[in-house]
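The values are calculated or read from the model by the stated rules, or taken from the named source; none is laboratory data. Everything numeric in this text was worked out from a predicted model, so none of it was measured. Heads up, the Cβs are rebuilt from the backbone with ideal geometry, glycines too, and the neighbour counts pull from every protein chain shown. With ligands, DNA and RNA removed, areas are computed over all heavy atoms of the protein, side chains included. Shrake-Rupley method; radii C 1.70, N 1.55, O 1.52, S 1.80 Å.
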There are 2 protein chains.
Amino acid sequence: MKPPRSSKNDVFLRYKLWLAAVSGEGIVEESTYLLLKAVREKGSLKAAAEHLNVSYRKAWGDIKNSEELLGYELTEKHRGGQGGGKSELTSKAFNLLEAYDALHRKMDAAIEEAYQDFKEKIK
Amino acid sequence: MKPPRSSKNDVFLRYKLWLAAVSGEGIVEESTYLLLKAVREKGSLKAAAEHLNVSYRKAWGDIKNSEELLGYELTEKHRGGQGGGKSELTSKAFNLLEAYDALHRKMDAAIEEAYQDFKEKIK
DNA sequence: TTTCGATAGGAATTGCTATTCATATCCCCT
DNA sequence: AGGGGATATGAATAGCAATTCCTATCGAAA
């Protein structure tokens, strides 16, 4: 076997968290959470998509998909006007992000807690 | 907007956990953990792959990839012989699965804990 | 009232990932 | 000694998801 392409020491635990239906179908993917955060910061879907380095087409489709599955809007869309348009989060989207962040912190803590033991066990 | 294709009530939090390098490159993907568990149960990579409904080619490649990145073997491979051959987990792979399962349980607990609050906030 | 830039969304294309295909090797058991 | 079934691996193909391309629409500001 060839020498390892990575050192045992710089190993990390990563995860993705998403909201799903019983069927397993993703309702709000992790990438969509990130997108919503970027919209909150940037004020437009276009800027958010660019920030995350994904195509506008995909970003737009992802949010639309989540909205349809949830049954409510995550963004208030404005076409035309100053700057050409903008997108803002709805209060429900704010709630979603708040809940997501809270859970995210808990999971980060669980990983933090397990990390040393994990590294020990796999080396 | 059309009526939602899913009820707010049957919504679940799902996640994937994996071991990664600084670069973000996956070292042991979640699917590989599952594969290793299946090998442990089934005694062969072929049976494990079939059990998980993935091609033998991919299963084989995934394990090889993880082994190369880790720098050690996760399976003891045996060609020929009774039954044509078999694969068994190495003790390091057992450790890996043990560590993975422990962390997995912690993350499940974090989700369990946050679940009601989450559902409340997103409805 | 014309312009500018973002939202909206269909259609074609690209690009990656997994499957499929093909072939070789190994070795216990009969 | 030979058969059978799993491991091993390259090469081609299929399947899918994201990007690219295009064309419309909207409305504040100049």
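Taking the criterion of being surrounded by fewer than 18 Cβ atoms within 10 Å (Cβ to Cβ) and away from chain B (no Cβ under 14 Å), the only residue of region A:61-75 that qualifies is A:Gly61. Within region B:1-59, being modelled with pLDDT under 95 and farther than 29 Å from A:Phe118 by Cα holds for B:Met1, B:Lys2, B:Pro3, B:Pro4, B:Arg5, B:Ser6, B:Ser7, B:Lys8, B:Asn9, B:Asp10, B:Val11.
Across region A:13-43, the qualifying residues are those that are open to solvent by 40 Å² or more (accessible area, probe 1.4 Å) and within 11 Å of DNA strand D (Cβ to nearest atom), and the one among them that is farthest from B:Gly26 (Cα to Cα) is A:Glu25.
Of all residues in region B:83-94, those that are away from DNA strand C (no atom under 16 Å from the Cβ) have Cβ atoms under 7 Å from Cβ atoms of residues that are open to solvent by 50 Å² or more (accessible area, probe 1.4 Å) and not in a helix (DSSP H, G or I), 6 or more apart or on another chain, in B:Thr90/B:Glu73; B:Thr90/B:Glu76.
Reported count of residues in region B:74-91, each being within 20 Å of the chain's Cα centre (by Cα) and part of a loop (DSSP other than H, G, I, E, B), is 2. Quick check: is even one residue across region A:92-109 in a strand (DSSP E or B) and either out of contact with any Pro (no Cβ under 9 Å at 6 or more places or on another chain) or under 27 Å from B:Asp108 (Cα atoms) (or both)? Checking region A:92-109: not a single residue is in a strand (DSSP E or B) and either out of contact with any Pro (no Cβ under 9 Å at 6 or more places or on another chain) or under 27 Å from B:Asp108 (Cα atoms) (or both). Can we say A:Leu52 is within 14 Å of chain B (Cβ to nearest Cβ) and not hydroxyl-bearing (Ser, Thr, Tyr)? Taking the combined requirement at face value, the residue does not satisfy it. Just need a number here: residues in region A:110-123 that are open to solvent by less than 50 Å² (accessible area, probe 1.4 Å) and either of a type outside the set (Lys, Arg) or within 7 Å of another protein chain (Cβ to nearest Cβ) (or both). Residues flagged as open to solvent by less than 50 Å² (accessible area, probe 1.4 Å) and either of a type outside the set (Lys, Arg) or within 7 Å of another protein chain (Cβ to nearest Cβ) (or both) within region A:110-123 amount to 6. Of the residues in region A:44-57, none is open to solvent by 60 Å² or more (accessible area, probe 1.4 Å), part of a strand (DSSP E or B) and within 12 Å of DNA strand D (Cβ to nearest atom).
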